[in-house]
Amino acid sequence: MIEYKNFKQFKDYHLIQELWNDDLLGMYPISDFIFKQNVTENKYVLKENSFVALAGDEVVGFIISKEFMNDMVKRYHDIGFISLFYVKRKYRKQKIATTLFEKVEAGFKKLGKKTIWIGKDINNFFPGVPVDFNHLTTDFLEKIGYNNLGPTHDMVCYHYQKDVIEHFENMEKYQYRYFEKKDYKATKAFFEKCFPGRWEFEFQDYYETGIFGKDYIICLDKDQVVGFVRLSDTKVPVFPYHITWYQKFNNLGALGPLGVDSDHRRQKIGSNLLKIAIKDLHDRGCTELLIDWTGLLDVYNRLGFEVWKSYTTYDKKI
């Protein structure tokens, strides 16, 4: 008989990580650091609305849900996020996944959520459902009422195209450099004007760590920030999604998001920021570069990137 407990009743969270890695280590290995950041020490996890399925003392399935009520991203207030879920192979076709989803959806309704997203949460594991799960997951989700919203991709570059990457244009008009603490007000103003919401929150969250390294490159027009790109290696204090699967690579570097003030577009700022970030990560010794959660396949393919993983995005109105 299968027993279900929420994360306040069940606290052996490491068994959840072990279940995932026992079955999926070769595809999507979750490190202790990532599991702690995204789950056990993550303040957005809803412990009363996240569940494990138990066969005796064995964890055979789980579902992790989150909410995000920060006013920087008000559109997230009505959304319930399903961050991660899984059922052990030999326990499938016993309605375990269906029951886990029913419990989470009922909890989201009580919280007043209007929509459920699969992935895309703050400190997310995935931007959707990986397509390399043999479509079992997508068939299941569509059967229980989730809407297929189309694909998104992670792209990786294994070969540095030096002649393309080191060809910059219109560099003399702007200054490009790492973000420093003294740039906070100007950078904050840039995000508030151009990219309010999640990107602004992620910048603020990074700033509040108080550790300023080589994680943001900004473009300045005199004292005004007009563009940015985020970049990471495995030494950053907070792991954004784009570095989550670093164990699959020799020495991963990653970049994105990237944005430019609409008043300063068509000045090659975005192209220059991207090329500067790629060269910077290569200079740090990164042997592979990843751009996450994108549909701009043609743009990045011209710079030597190819699709690494693809995902199907889903939502459900409740």
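Structure values in brief
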quantity	calculated
Contour excess over end-to-end distance, with Cα ends at Asn170 and Lys268 and 0.36 nm allotted per residue	34.6 nm
Full-stretch length increase - Asp57, Asn70 - with 0.36 nm per residue and alpha-carbon distance subtracted	1.0 nm
Residue of Ala189, Ala55, Ala97 that the Gaussian network model of the chain assigns the largest fluctuation, springs spanning Cα pairs under 10 Å	Ala55
The chain - mean residue ellipticity at 222 nm from DSSP helices (-39,500 (n - 2.57) per run, n ≥ 4, rounded to 500)	-7500 deg cm²/dmol
Extent along principal axes [Cα atoms of the chain; Å; largest to smallest]	69, 39, 33
For region 1-131, the spread of Cα positions along each principal axis, largest first, Å	41, 29, 29
The chain: angle of helix 96-110 to the longest principal axis, Cα-based, in degrees nearest 10	70
Centre separation in Å (Cα based) which lies between region 134-168 and region 176-212	27
For Lys309, net neighbour charge (Lys/Arg +1, Asp/Glu -1) across residues whose Cβ lies under 14 Å away	-4
FRET efficiency for Ile211 and Lys95, using Cβ-Cβ distance with R0 set to 35 Å, rounded to 0.05	0.15
Net charge dipole size for the chain [Lys, Arg +1 and Asp, Glu -1 on Cβ; Debye, nearest 20]	720
Percentage relative contact order, the chain, counting C-alpha pairs under 8 Å, at least six apart	22
Cut-off 13 Å (backbone N to label point 7 Å along Cα→Cβ of Glu18), residues of region 33-58	57-58
Charge dipole magnitude, Cβ of K and R +1, D and E -1 - region 195-282, Cα centre, debye nearest 20	460
Tilt relative to the chain, helix 269-283 - C-alpha long axis, 0 to 90 degrees, to 10	80
Folded to 0 to 90 degrees: helix 184-194 orientation relative to the chain principal axis, Cα	70
Using a Förster distance of 30 Å, the FRET efficiency for Asn251-Thr40 (Cβ separation, nearest 0.05)	0.65
Length-normalised contact order for region 2-125 - Cα pairs under 8 Å, 6+ apart - percent	26
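A short reminder: the numbers here are calculations on the coordinates, not readings from a lab. Since the model is a prediction, treat every value here as computed from it, not as a measurement. In this analysis, Cβ positions are derived from the backbone assuming ideal geometry, glycine residues included, and neighbour counts consider all displayed protein chains.
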